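To start, the structure itself, in structure tokens.
The values are calculated or read from the model by the stated rules, or taken from the named source; none is laboratory data. In this text, all values refer to a predicted model and were calculated from it rather than measured experimentally. All Cβ positions, even for glycine, are placed from backbone atoms using ideal geometry, and neighbour counts span all protein chains on display.
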Amino acid sequence: MKYSAVFFDCDGVLVDSEHISSFVLRDMLQELGLTMTQIQVHAHFNGKTMKDELQWISSQVGKTLPDNWLFEFWQRRNAMLSLHLEPIPHANECVKIIHTNYAGLIACTSGGDRNKIELQLSKVGLLHFFEGKVFSGYEVALSKPAPDLYLKAASALGVDPKKCAVIEDSVTGVIAGVAAGAKVFGFINPHDKFSLTTAKDLLEVGACSIFTDMIKLPDLL
């Protein structure tokens, strides 16, 4: 094995969820009086943890958010994900091959809340590959772009983070993986109509290479 373990981001890497979450978030921000396009929502929130963005939202709308606002967002988002979520093309074949090649030493490391991560992996038939190896940005002191999430995953798997590979699609995620000392591969989904992230963006913050089809990842690793 070229690496000790492989860590996958979830949204935009394994599941095509970003447009669904940003659609719900756009509507809920509009209800608060903050008008943003879906592309603007995607650009601002991609790769970040929603709990870390509540203060920013409050500052933009000029008022404290209701106590249940985040919970309502989760509920509305999860309902839409349950109905419409699809895997990233070739993600299932890719994970199956890498899971075999790396004797199960893979993990899902997402800034999202655990319920969302596990709902999504279950919905697209990937959860069994990551049983006991799902790590949420809500369960570390600092989420991405800090390295905490990747350091926690490496510790749990008993591997050196500097000998691991990370698969990310956002600038925030790439920064986190690089900060952990891992080798980061940047994924650009050519079918994503809402992302403004480019290969250049990911390379500039430390991605070692860029790929655009998940079926090519096993050979890169």
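Read through the list (1) buried (at least 21 other Cβ atoms within 10 Å of the Cβ); (2) more than 19 Å from His191 (Cα to Cα); (3) of a type outside the set (Asp, Glu), then give the number of the only condition that Met80 fails.
(1)
Yes or no, residue by residue, for (1) outside the structural domain of Asn189 (by TED's automatic domain parsing); (2) modelled with pLDDT of 95 or more; (3) within 14 Å of the chain's Cα centre (by Cα):
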| site | (1), (2), (3) |
| --- | --- |
| Ile98 | no, yes, no |
| Ala103 | no, yes, no |
| Gly111 | no, no, yes |
| Asn115 | no, no, yes |
| Leu121 | no, yes, yes |
| Gly125 | no, yes, no |
| Phe129 | no, yes, no |
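Looking only at the range 27-60, which residues are small (Gly, Ala, Ser), assigned to a loop (DSSP other than H, G, I, E, B) and under 19 Å from the mean Cα position of the chain (by Cα)? Show your work before the answer.
Quick first cut of the range 27-60, residues small (Gly, Ala, Ser) only: 33, 43, 47, 58-59.
Filter once more, so that each one left must be assigned to a loop (DSSP other than H, G, I, E, B): 33, 47.
Within the range 27-60, Gly47 is the sole residue that qualifies.
Here is a yes/no grid of residues against (1) of a type in the set (Ser, Thr, Tyr); (2) closer than 28 Å to Glu72 by Cβ:
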| position | (1), (2) |
| --- | --- |
| Ile117 | no, yes |
| Glu139 | no, yes |
| Pro145 | no, yes |
| Ala154 | no, no |
| Ser195 | yes, yes |
| Ala207 | no, no |
| Leu217 | no, no |
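Pairs please, first residue from the range 87-112 and closer than 11 Å to Phe130 by Cβ, second anywhere and charged (D, E, K, R), Cβ atoms under 7 Å, 6+ apart in sequence or on different chains.
Ile106/Lys133; Ala107/Lys133; Cys108/Lys133; Thr109/Asp9; Ser110/Asp9; Ser110/Asp11
Just wondering, is there one or more residues in the range 59-66 that are loosely packed, with under 14 Cβ neighbours inside 10 Å, without any contact (Cβ under 8 Å) to a residue 12 or more places away in the chain, of a type in the set (Gly, Ala, Ser) and at negative phi?
Yes, because at least one residue in the range 59-66 is loosely packed, with under 14 Cβ neighbours inside 10 Å, without any contact (Cβ under 8 Å) to a residue 12 or more places away in the chain, of a type in the set (Gly, Ala, Ser) and at negative phi.
Within the range 186-204, count every residue that is out of contact with any helix residue (DSSP H, G or I) (no Cβ under 6 Å at 6 or more places or on another chain), modelled with pLDDT of 95 or more and crowded, with 16+ Cβ neighbours inside 10 Å.
Going through the range 186-204 one residue at a time, the tally reaches 1.
In the range 42-57, how many residues are hydrophobic (A, V, I, L, M, F, W, C) and modelled with pLDDT of 90 or more? Before the answer, list the steps.
Start the filter on the range 42-57 by keeping residues that are hydrophobic (A, V, I, L, M, F, W, C), which leaves 43, 45, 50, 54, 56-57.
With the extra rule that they be modelled with pLDDT of 90 or more, the set shrinks to 54, 56-57.
Adding up the residues that qualify gives 3.
Right, Ala141: part of a strand (DSSP E or B) and of a type in the set (Gly, Ala, Ser) or not? Give the steps one after another, and end with the answer.
Details: part of a strand (DSSP E or B): no; of a type in the set (Gly, Ala, Ser): yes.
The answer is no for Ala141.
Limited to the range 170-207, what total is found for residues that are within 16 Å of Glu18 (Cβ to Cβ) and among the small types (Gly, Ala, Ser)?
4
With respect to Asn78, is the statement that it is over 22 Å from Val171 (Cα atoms), assigned to a helix (DSSP H, G or I) and not assigned by TED's automatic domain parsing to the domain that holds Asp11 true? If you could, list the steps in order and put the result at the bottom.
Numbers: over 22 Å from Val171 (Cα atoms): yes; assigned to a helix (DSSP H, G or I): yes; not assigned by TED's automatic domain parsing to the domain that holds Asp11: yes.
Yes: the conditions hold for Asn78.
Let's see how each residue does on (1) closer than 22 Å to Glu18 by Cα; (2) without any contact (Cβ under 8 Å) to a residue 60 or more places away in the chain; (3) acidic (Asp, Glu):
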site	(1), (2), (3)
Val124	yes, no, no
Glu131	no, yes, yes
Ser136	yes, yes, no
Ser143	yes, no, no
Ala146	yes, yes, no
Tyr150	yes, no, no
Val159	no, no, no
Glu168	yes, no, yes
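Before we move on, is Lys63 in a loop (DSSP other than H, G, I, E, B) and not assigned by TED's automatic domain parsing to the domain that holds Lys216?
Numbers: in a loop (DSSP other than H, G, I, E, B): yes; not assigned by TED's automatic domain parsing to the domain that holds Lys216: yes.
Taking the combined requirement at face value, the residue satisfies it.
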